[in-house]
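Asker: Quick one: this structure, given as structure tokens, is what I'll be asking you about.
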Amino acid sequence: MDMKEMNIVLAREYKVVVVATFDITGNAVTQEEADAITELFITELVSTGKVSVLGRMEFDKIIKDMNFQASDLSDSSKTVMLGEALNAQLISRGKIIRLGNKLYLFSSIIDAKNAKVVSSVREEFNSLDDIFGRLGNFVMNLVVGLR
């Protein structure tokens, strides 16, 4: 079986999701830390066996070509266009927020065909180290309802 045939089989077995880099609010973390959290999030997401994830380089290229901004995810028509351009069924977005001494991690999965949120989770953390230790459970809670 060549690579193209393997991708077709994988597409039938899993929903394809694209993952946007976690947004940062309130100087919660550095951009490098947000990128690392995003990569660890992707690893945990794939390990659930419920989805396959489009590669970051391909995603970033299409985002750049479309002049797509993170805020465009709130526009349902642009979200659907992004899903079509990426040939993805789902889009994952997240945010890292600092409020006082606490960090909050939010993530949602959006149906790329209709821009409806199909799953969303939030968790509170005391430190950045806590995020790394509890990310697996966070992701499992996010994908629990996906078929």
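Asker: Which of the residues that make up the stretch 1-27 are surrounded by 12 or more Cβ atoms within 10 Å (Cβ to Cβ), in a loop (DSSP other than H, G, I, E, B) and either modelled with pLDDT of 90 or more or touching a helix residue (DSSP H, G or I) at 6+ places or on another chain (Cβ under 8 Å) (or both)?
Answerer: Matches in the stretch 1-27: 20, 21, 22.
Asker: Anything in the stretch 123-141 that is touching a residue at least 60 places away in the same chain (Cβ under 8 Å) and either within 16 Å of residue 36 (Cα to Cα) or open to solvent by less than 40 Å² (accessible area, probe 1.4 Å) (or both)? List them, or say none.
Answerer: 128, 131, 132, 135, 136, 138, 139, listed by residue number.
Asker: Still on this structure: Taking residue 96, is it in a strand (DSSP E or B), modelled with pLDDT of 90 or more and surrounded by 13 or more Cβ atoms within 10 Å (Cβ to Cβ)?
Answerer: So residue 96 passes the test.
Asker: Sticking with this structure for a sec: When residues of the stretch 47-81 are filtered for being part of a helix (DSSP H, G or I), farther than 17 Å from residue 23 by Cα and either touching a helix residue (DSSP H, G or I) at 6+ places or on another chain (Cβ under 7 Å) or free of Cβ contacts under 8 Å to residues at least 60 places away in the same chain (or both), how many remain?
Answerer: Count: 10.
Asker: Next question, about the same structure. In this structure, is residue 120 open to solvent by less than 60 Å² (accessible area, probe 1.4 Å) and in a strand (DSSP E or B)?
Answerer: no
Asker: Give just the number: which of (1) within 19 Å of residue 23 (Cβ to Cβ); (2) modelled with pLDDT under 85; (3) touching a helix residue (DSSP H, G or I) at 6+ places or on another chain (Cβ under 8 Å); (4) not aromatic (Phe, Trp, Tyr) does residue 110 not satisfy?
Answerer: (2)
Asker: Among the residues of the stretch 28-46, write down those that are closer than 19 Å to residue 96 by Cβ and either outside any helix (DSSP H, G or I) or open to solvent by 30 Å² or more (accessible area, probe 1.4 Å) (or both).
Answerer: Selection gives 28, 29, 30, 31, 32, 33, 35, 36, 39, 40, 43, 44.
Asker: May I ask you to list the residues in the stretch 82-93 that are outside any strand (DSSP E or B) and of a type outside the set (S, T, N, Q)?
Answerer: Selection gives 82, 83, 84, 85, 86, 88.
Asker: Out of (1) surrounded by fewer than 19 Cβ atoms within 10 Å (Cβ to Cβ); (2) of a type in the set (A, V, I, L, M); (3) modelled with pLDDT under 90; (4) in contact with a Ser or Thr (Cβ under 8 Å, 6 or more places away or on another chain), what's the single condition that is false for residue 80?
Answerer: (4)
The values are calculated or read from the model by the stated rules, or taken from the named source; none is laboratory data. Since this is a predicted model, take the numbers as computed values, not measurements. Neighbour counts are summed over all protein chains in view; Cβ atoms, including those assigned to glycine, are modelled from backbone coordinates with ideal geometry. These area figures cover heavy atoms from the full protein model, side chains too; ligands, DNA and RNA do not enter into them. Shrake-Rupley method; radii C 1.70, N 1.55, O 1.52, S 1.80 Å.
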